[in-house]
Amino acid sequence: MQDFCTRDDDYNSIVNDIRQRLVRLATRQPGFTSVLMQGSGTFAVEATLGSVVPPQGKVLVINNGAYGARITLICQRLRIETVTIKQSEVEVADIDRVDAVLAQGGFTHLAVVHCETTTGMLNPVVGLGSVAQRHGVKYIVDAMSPFGGIPMTMEQLQAHFLISSPNKCIQGVPGFGFVVASRESMEETEGWSRSLSLDLFDQWREMEEHKGKWRYTSPTHVVRAFSQALVELDDESGVAVRHQRYCDNHRLLVEGMRSLGFETLVAPEHQSPIITSFLYPPGNRISFNDLYQALKSRRFVIYPGKVSRAETFRIGTIGHVFPADIRLLVESLREVTAS
C-alpha cells in the first residue's frame with residue numbers, strides 16, 4: 001500500500017536484500033551473485049541465453065517438453081548455433097545421450113529445464129551437471145518452477161546459471177525473473193549480449209555498482225510483493241518444509257484422483273510435486289472446457305493438457321495451497337464427474 005520510486009535508495013535497498021536472499025537460497029558457498037530482469041520468466045531465459053553465450057558459442061538443448069522447445073526457439077531467433085536432443089514429452093533427459101553428443105566437441109553450453117511443467121516431469125539435473133562439468137561446458141538450468149519449492153543448491157547442480165521467477169514456488173506475483181550465477185561466469189560475459197534491454201551483464205553491473213538500481217524502470221510493486229514472499233518463505237521454515245507441504249498436496253491429489261478413475265501421465269519416479277498431468281478415464285464424457293468451468297465456479301482453476309500424445313489436463317499443487325484445499329478439490333471433482 002506504499003508506492004516507491006524505482007530509483008529511490010530505500011527501494012534499491014529492498015532490491016539488494018532480495019538479491020542476497022536469492023543467493024542464500026541457492027548456495028552457502030562464496031563466489032555467487034544474482035540479478036533481476038524485468039518481464040516474465042521467459043524474458044529472463046532469453047536474457048540469459050542471449051547474454052552468456054559468446055558470439056561463437058554453441059548450445060546443446062534438451063527438448064522433452066514445451067519449455068525445452070522454447071529454449072531452442074530462443075536460441076534460433078538469436079542466431080545462436082544450437083543442437084537439440086529431442087525426446088518424448090514423458091521421457092526424462094537421457095544422460096548417456098547428452099554425454100555422447102557433448103563428446104563430439106565444440107559446445108560451450110548445455111541448457112535444460114529442471115521441471116517441465118508441460119507434464120510435471122523432473123529432469124535429472126544433477127546427473128546432467130556432472131556431464132557438463134566433465135566436458136567443460138557451462139551449465140544453464142531453467143529452474144523456473146521448482147526453485148524455492150524443491151531443495152537444491154548450485155553446488156549440487158554444478159550449475160553456472162540458474163533461472164527462475166517470483167510467481168512459482170516462492171509464491172510471489174509475475175513481473176520479473178531472476179538469475180543466480182557464479183560471479184566468475186557472469187563477469188566473463190561483458191559485451192556478449194544480443195539485446196540492449198535484455199543485457200544480463202549490464203543489468204547485473206548496474207545493480208552491483210549502484211546498490212540495487214535497475215537500468216530501466218522496474219516493476220516496483222512486484223518487487224515489494226516478492227520481498228514479502230521471501231519473508232513468508234522464511235516464516236514457513238524454509239524450502240524443505242514448503243517442499244514437504246507440496247509433496248503432501250501432490251500425494252493427496254493423486255490418491256483422490258485415482259479414486260475417481262484418473263491416472264497420472266508421468267511415472268511416479270519422475271513426477272514433481274509442482275503440477276501433475278492426468279489422463280481422462282476410459283469412456284470420459286466431459287470436455288475440458290466443461291470441467292474447467294464447473295471447477296472454476298467452485299473457485300478452482302485447472303490447466304489444459306499440453307502434450308501431443310494423450311488427452312490430459314493438469315492440476316498444480318504449489319502456491320498458498322494446503323491439504324484441506326486438495327481434499328475440497330477432489331470432492332468438487334467427484335460432484336462434477338458424477339453429474
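No lab work stands behind these numbers, since they all come straight from the coordinates. These figures come from a predicted structure and were not determined experimentally. For neighbour counting, all protein chains shown are included, and Cβ atoms are generated from backbone atoms with ideal geometry for every residue, glycine included.
Divided by 2.2 N^0.38 Å, where N counts the residues, the Cα radius of gyration of region 165-244 comes to 1.27. Beta bridges from DSSP with both residues in region 141-294: antiparallel share about 75 percent, rounded to the nearest 5. The slack in the chain from SER197 to LYS86, taken as 0.36 nm per residue of separation less the alpha-carbon distance, amounts to 36.9 nm.
Using a/c under 1.5 as the rounded threshold, could you call region 21-70 rounded, prolate or oblate? The axes a ≥ b ≥ c are square roots of the C-alpha gyration tensor eigenvalues, and prolate needs a/b larger than b/c, oblate otherwise. Prolate. Listed by chain and number, the lysines whose alpha-carbon sits under 22 Å from that of LYS168, ignoring those within fewer than 8 places in the same chain, are LYS296, LYS306. Rounded to a whole number, what is D in µm²/s for region 239-338 from Stokes-Einstein with the Kirkwood radius over alpha-carbon pairs (10 °C, 1.306 mPa s)? Stokes-Einstein gives a translational diffusion coefficient of 115 µm²/s.
Residues TRP214, TRP192, arranged from fewest to most other Cβ atoms within 10 angstrom of their Cβ, appear as TRP192, TRP214. Fully extending the segment from CYS247 to SER40 would add 71.9 nm, taking 0.36 nm per residue of separation and subtracting the current Cα-Cα distance.
Across the alpha-carbon atoms of region 55-170, the computed radius of gyration and Dmax are 13.1, 39 angstrom.
Restricting the calculation to Cα atoms, region 141-197 yields a radius of gyration followed by a Dmax of 12.7, 34 Å. Here the Debye sum runs over all C-alpha atoms of the chain as equal scatterers in vacuum, and log10 of I(q)/I(0) at q = 0.06, 0.09, 0.11, 0.13 Å⁻¹ comes out as -0.22, -0.50, -0.73, -1.00. With the simple spin-label model, which puts each label point 7 Å out from Cα in the Cβ direction, the GLN228 to ARG298 separation comes to 3.0 nm.
Of the Cα atoms belonging to region 1-134, the radius of gyration and Dmax stand at 17.4, 56 Å. Here the gap between SER237 and HIS221, fully extended at 0.36 nm per residue and compared with their Cα-Cα distance, gives a gain of 3.3 nm. Close amide H partners of GLY39, meaning residues 5 or more places away or on another chain with modelled amide H under 5 Å apart, are PHE176, GLY177. Here the chain carries DSSP beta bridges of which approximately 60% are antiparallel, counting only pairs with both residues inside.
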